Amino acid sequence: MVARTEKLTIAQAITAGLKQAMEKDKDIVIMGEDVGRDGGVFRVTEGLMDRFGEERVIDTPLAESGIVGSAIGMAIGGFRPVVEIQFMDFMYPALNQILAHLVRYRNRSRGRYTLPVVVRMPFGGGIHPPEHHSESLEAPLLHTAGLKVVAPSNPYDAKGLILAALESEDPVIFMEPKRIYRAFKEDVPQERYSVPIGKARVAREGKDVSIITFGAAVRTSLEAAEDLEKKGTGAEVIDLRSLNPLDVDAVLSSVRKTGRAVVVHEAPKLLGIGAEIAAIIQEKALLDLLAPVGRVAGLDVPFPLPLLENHYLPNRSRIVEAALSAVNY
Amino acid sequence: MARKKIFEGFVERLEILDQDGKVDEKEMPPLKDAELVALMESMLKMRLSDQKALNLQRQGRLNTYGSVRGQEACQAGLAAALDRSDWLVPSFREHAIMVAMGVPLRSVYALWKGDERGNIHPEGVNCLPPAIPVGSQLLHANGLGMAFKMKNMKEIAVGFAGDGASSQGDFHEALNFAGVFGSRTLFFIQNNGWAISVPFHKQTKADSVAQKGLAYGVPSMQVDGNDVLAVYKASKEAVDHVRSGKGPFLLECLTYRMENHTTADDHTKYRDKEEVELWAKRDPVDRMRKYLVSRGLWSEEKEKEFAGSVAEWIESEVEALESMEPASVTDVVDFVYSDLPWHLKEEREMLLKEGN
C-alpha cells in the first residue's frame, strides 16, 4: 500500500501534527496569545479552536511568564500544554519560568513531577519586521539542563518533530523557522509518524566538507553546497534537527568522512552552538580534522532592523567562503 | 458626557480573638471543643518543630533554615480549613502547613539540610516542592487551579506567597489569569511585614495586599494572621468559595516574622527591638492559650504533656533524618531528564568512577 501524502508548508505541517496529536490525546491543550480565534499570528493554530473548542485552544492574557507558569501548573494537573510564544524574542519575560521551573521540577522532585510542556517559538530573521522579531535565542536554552530543543527545516520534519515533542515526558522547545514557514511545500504523510528527537539528518551528501546547521539556514547551506559543487567541492549538509540532545554521532561520522567542518547558525557567533560543536569535534575527532572548524554565524550585535539585516544573516557566499577556506587550508 | 464611577471596592479584615484571649462571640466559627484544642495543638507542633530546626542549624546539623515562628496561626488555621486532597504550592516558609498536611517532618528537615530527597513526599500528599524565586509559584497554583476546573475535580490549589512577592510581576499575572479563567485557586498571602530587610510600607504604597486582588476581579479579604480563629474562619470562607466553583480568592494574613529571614540573616540590623516586642505581645500561640484556658479546655499540665509527646515525635523524625543512607552519587544527574542524553551519560560515568 502506498502511504497517502499531502503537500504542505512547514506551517501547515505543524498544524497537521498538532491536530493529529490533539485528536488522539485529550489532555493536549494549546495556550498562547492570539492562538484561538486568530489562529496565531502565523496561522499555525488556525482552525484548531473551531475543531477542539475554547477549552483546549486557549487565548491567554498577554503575558509570557503567565502563560508558561500557568502551563507548568496545568502540566502538573495532568495536561500536556503546547505553549506558543509569539516570537522567540518575546521569551524574555518567560525565562524565569522556563529556566527556574520548567526545566527543574523533575529534578527538584526527584522524578515525580515531569513536565511534558512544548513551547513553540518562531525564530530567525529575514521577514523584515520591527525590532524584537528576528532573533535566534537558542544559546541560553541550550545552556540549561532539562530542556530538549528541536528546530525543523522542512515540512516532513516539522510534523514528525511536533508529534515527537508531544510524546516527550520532558519539556521541549520547538523552534520554528519562520522565514521558511511558507517558502515551499513538500509531500508529508497524512498518517501519524514521528521524527525522533536527538537524530540529525544528512540533507545532502558530500565528501570534502561538512556544513552543520539547522532551521532556515539549512536552505541557505544547501544553496551554498550547489555553488561549491560548481567549484568542484563536495559539501555534505547536516541538518541537526535536534539541538539538545545533539546527534554527536551524525556530526562525527560526517566530519570523519570529510575531515572538515563549518557550522552555520543565525545566532551571534560568540558562545553560540557553533562553539560547542567545534569543541565537541576537536575533543572527539581531532586527528580526523584536516582544517580548523569554521563558523558562519550572525554578528555579535542585536539583530538589525530590515534595511541592514542582510549584513547580519549568514548568507550563501559567506558559507561558500568558509567551506573553501577549510578545503584550501 | 458625564464622569461616572466605574469601580468601587472595599476589603474587610476579620478579627475574632484579641491579645487577652477574648473572642468576638458573634464572629466565632462553629468549632467543637476538640477542634479548638486541635488548632492549639497544631500551632504548638509547628512552634516546637521550628525551634528544633533552629537548634539543629546552630549545631551544624541543618544548613540554612528559615523559621516560621510567629506565623503558626496562619498555617494552622488554613490547614484546618483544607481537605487533605487539596494541593499546596508553597514558597520557602510554608513547611509548618506542609507538615500539617502530611509531609513528614523529616522531609522538611532533609530539604533544609540540603538533601533533595526531602522533596519526595508520600503518595497522596499533594504538595509541590517549595519554590525559591519569589512569587513565581503563584502561576503554578493558577495553572493547577485551571486544570482542576477543566477536569471537574473537587480539589483546589493553594498558592502561597508573602508581602514581598506582591511586588513581582508573576503575582499580578497569576491573579489576572486566575480571574480570567476562574481557576480553582486560593492565593494565600502571609504578609509578615518584612521581605528580608524591606518593610511592607516600602514594598508598596497600597494599604494592603488584599486590595490588589480586587483590580483583577478576584474576591479578596484580609485577616488578623495571629488569630487562629479568624484565620480558620476566613480560610473556610475562602476555601468554600473556590471549591464551590466561584473562582479564585485572595486571602491576606497580617502577621509577623518573629525570627531572622533565615539563619543567614541578622534582623537586628534593620528592625527595631520595640517593633519585635510589640508583635511578641500578639503571639498567636499565647492568645489561643489564654482563650482555651479561660474556657477550661487547656492547662499548663495539658500543655506539658502534649509538648512531651511532640518532643518524642520530633526526636524520632530527627533520628530518621540522620539515619538516612547518603544519596547515590548518580542522583546528581539521574532526574534531570526522563531519558538521559549522551552528554549526561558521560557525566554519569565520571561520577560512577569517582564514587561517593
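Tally the residues that are exposed (fewer than 14 other Cβ atoms within 10 Å of the Cβ), charged (D, E, K, R) and more than 19 Å from A:Phe79 (Cβ to Cβ), restricting the search to the stretch A:43-60.
The total comes to 1.
Run down A:Gly124, A:Gly53, A:Gly78 and say which single residue is in contact with a strand residue (DSSP E or B) (Cβ under 7 Å, 6 or more places away or on another chain) and at pLDDT 95 or above.
So the residue among A:Gly124, A:Gly53, A:Gly78 that is in contact with a strand residue (DSSP E or B) (Cβ under 7 Å, 6 or more places away or on another chain) and at pLDDT 95 or above is A:Gly124.
Keeping to the stretch B:302-341, report how many residues are within 14 Å of chain A (Cβ to nearest Cβ), at pLDDT 95 or above and open to solvent by 60 Å² or more (accessible area, probe 1.4 Å).
The qualifying residues number 2.
Taking the stretch B:12-23, which residues are within 22 Å of B:Glu237 (Cα to Cα) and either under 22 Å from the mean Cα position of the chain (by Cα) or open to solvent by less than 50 Å² (accessible area, probe 1.4 Å) (or both)?
Those that are within 22 Å of B:Glu237 (Cα to Cα) and either under 22 Å from the mean Cα position of the chain (by Cα) or open to solvent by less than 50 Å² (accessible area, probe 1.4 Å) (or both): B:Glu12, B:Arg13, B:Leu14, B:Glu15, B:Ile16, B:Leu17, B:Val23.
Do we have A:Phe90 as at the interface with chain B (Cβ under 7 Å from one of its Cβ atoms), without any contact (Cβ under 8 Å) to a residue 60 or more places away in the chain, among the aromatic types (Phe, Trp, Tyr) and open to solvent by 10 Å² or more (accessible area, probe 1.4 Å) here?
No: the conditions fail for A:Phe90.
Which helices (runs of 4 or more DSSP H) does the stretch B:28-123 wholly contain that include 1 or more residues that are in the same structural domain as B:Ser316 (by TED's automatic domain parsing), without any contact (Cβ under 8 Å) to a residue 60 or more places away in the chain and among the aromatic types (Phe, Trp, Tyr)?
Ranges flagged: B:105-113.
Only one of A:Glu276, A:Glu226, A:Glu321, A:Glu236 is under 23 Å from the mean Cα position of the chain (by Cα) and either closer than 19 Å to A:Leu137 by Cα or open to solvent by 20 Å² or more (accessible area, probe 1.4 Å) (or both); which?
A:Glu276
Hey, can you tell me all the residues within the stretch B:24-42 that are of a type in the set (Gly, Ala, Ser) and surrounded by 13 or more Cβ atoms within 10 Å (Cβ to Cβ)?
Quick first cut of the stretch B:24-42, residues of a type in the set (Gly, Ala, Ser) only: B:34, B:38, B:42.
The answer is B:Ala38, B:Ser42.
With respect to the numbered conditions (1) in a strand (DSSP E or B); (2) within 13 Å of chain A (Cβ to nearest Cβ), which one is the sole condition not fulfilled by B:Ala174?
(1)
Wholly within the stretch A:162-247, which strands (runs of 3 or more DSSP E) include no fewer than the required count, namely at least 2 residues that are β-branched (Val, Ile, Thr)?
Those strands (runs of 3 or more DSSP E) span A:172-177, A:209-213, A:235-239.
Right, B:Val158: within 15 Å of B:Gly247 (Cβ to Cβ), among the β-branched types (Val, Ile, Thr) and surrounded by fewer than 24 Cβ atoms within 10 Å (Cβ to Cβ) or not?
The answer is no for B:Val158.
Filter the stretch A:167-191 down to residues that are surrounded by fewer than 24 Cβ atoms within 10 Å (Cβ to Cβ) and within 14 Å of chain B (Cβ to nearest Cβ), then give me how many there are.
Here the count works out to 4.
Results for (1) touching a Pro at 6+ places or on another chain (Cβ under 8 Å); (2) of a type outside the set (A, V, I, L, M, F, W, C), shown as yes or no for each residue.
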residue	(1), (2)
B:Glu237	no, yes
B:Val242	yes, no
B:Gly245	no, yes
B:Leu250	yes, no
B:Leu254	no, no
B:Glu259	no, yes
B:Thr262	no, yes
B:Asp266	no, yes
B:Lys273	no, yes
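Filter the stretch B:87-107 for residues that are charged (D, E, K, R) and within 21 Å of B:Ala195 (Cα to Cα) and give the result.
Scanning the stretch B:87-107 gives B:Arg93, B:Glu94.
Quick one: how many residues across the stretch B:170-206 are within 21 Å of the chain's Cα centre (by Cα), of a type in the set (Val, Ile, Thr) and open to solvent by 20 Å² or more (accessible area, probe 1.4 Å)?
2
How do the pairs read when you match residues in the stretch B:322-347 that are over 14 Å from A:Asp170 (Cβ atoms) with residues anywhere that are exposed (fewer than 13 other Cβ atoms within 10 Å of the Cβ) and modelled with pLDDT under 95, using Cβ under 6 Å and keeping only pairs 6 or more apart or on different chains?
Close Cβ pairs satisfying both conditions: B:Val329/B:Asn356.
Answer yes if at least one residue in the stretch B:37-46 is farther than 21 Å from B:Val209 by Cβ and among the acidic types (Asp, Glu), and no otherwise.
yes
Regarding A:Leu102, is this residue within 14 Å of chain B (Cβ to nearest Cβ) and either in contact with a Gly (Cβ under 9 Å, 6 or more places away or on another chain) or modelled with pLDDT under 95 (or both)?
For A:Leu102, the condition - within 14 Å of chain B (Cβ to nearest Cβ) and either in contact with a Gly (Cβ under 9 Å, 6 or more places away or on another chain) or modelled with pLDDT under 95 (or both) - is met.
In the stretch B:117-132, what residues are open to solvent by less than 10 Å² (accessible area, probe 1.4 Å), within 16 Å of the chain's Cα centre (by Cα) and more than 8 Å from every other protein chain (Cβ to nearest Cβ)?
Of everything in the stretch B:117-132, just one residue is open to solvent by less than 10 Å² (accessible area, probe 1.4 Å), within 16 Å of the chain's Cα centre (by Cα) and more than 8 Å from every other protein chain (Cβ to nearest Cβ), namely B:Cys127.
Going through B:Gln75, B:Gln71, B:Gln51, B:Gln57 one at a time, which residue ends up being modelled with pLDDT of 95 or more and open to solvent by 60 Å² or more (accessible area, probe 1.4 Å)?
B:Gln51
For A:Leu286, are the conditions met, namely being more than 15 Å from A:Leu313 (Cα to Cα) and in a loop (DSSP other than H, G, I, E, B)?
No; evaluated as a whole, the condition is false for this residue.
Could you please give the count of residues in the stretch B:133-152 that are outside any helix (DSSP H, G or I), within 8 Å of chain A (Cβ to nearest Cβ) and open to solvent by 10 Å² or more (accessible area, probe 1.4 Å)? Don't jump to the end; show me each part of the working.
Residues of the stretch B:133-152 outside any helix (DSSP H, G or I): B:133-136, B:151-152.
Among the residues that remain, those that are also within 8 Å of chain A (Cβ to nearest Cβ) are: B:133, B:136, B:151.
Still in the running and open to solvent by 10 Å² or more (accessible area, probe 1.4 Å): B:133, B:151.
Looking only at that region, the number is 2.
Does the stretch A:43-72 hold any residues that are more than 13 Å from every other protein chain (Cβ to nearest Cβ) and of a type in the set (Val, Ile, Thr), and which are they?
Matches in the stretch A:43-72: A:Val44, A:Thr45.
Residue-wise test of (1) in contact (Cβ under 8 Å) with a residue 24 or more places away in the chain; (2) open to solvent by 10 Å² or more (accessible area, probe 1.4 Å); (3) over 14 Å from B:Gly179 (Cβ atoms).
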residue	(1), (2), (3)
B:Ala210	yes, no, yes
B:Gln222	yes, yes, yes
B:Asp227	yes, no, yes
B:Ser235	yes, no, yes
B:Ala238	yes, no, yes
B:Gly247	yes, no, no
B:Leu250	yes, no, no
B:Cys253	yes, no, yes
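The values are calculated or read from the model by the stated rules, or taken from the named source; none is laboratory data. Here the structure is a predicted model, which means the values were calculated and not measured. We place every Cβ from the backbone using ideal geometry, glycine too, and count neighbours over all the protein chains shown. Heads up: the accessible areas ignore ligands, DNA and RNA and are worked out on the full protein's heavy atoms, side chains in. Shrake-Rupley method; radii C 1.70, N 1.55, O 1.52, S 1.80 Å.
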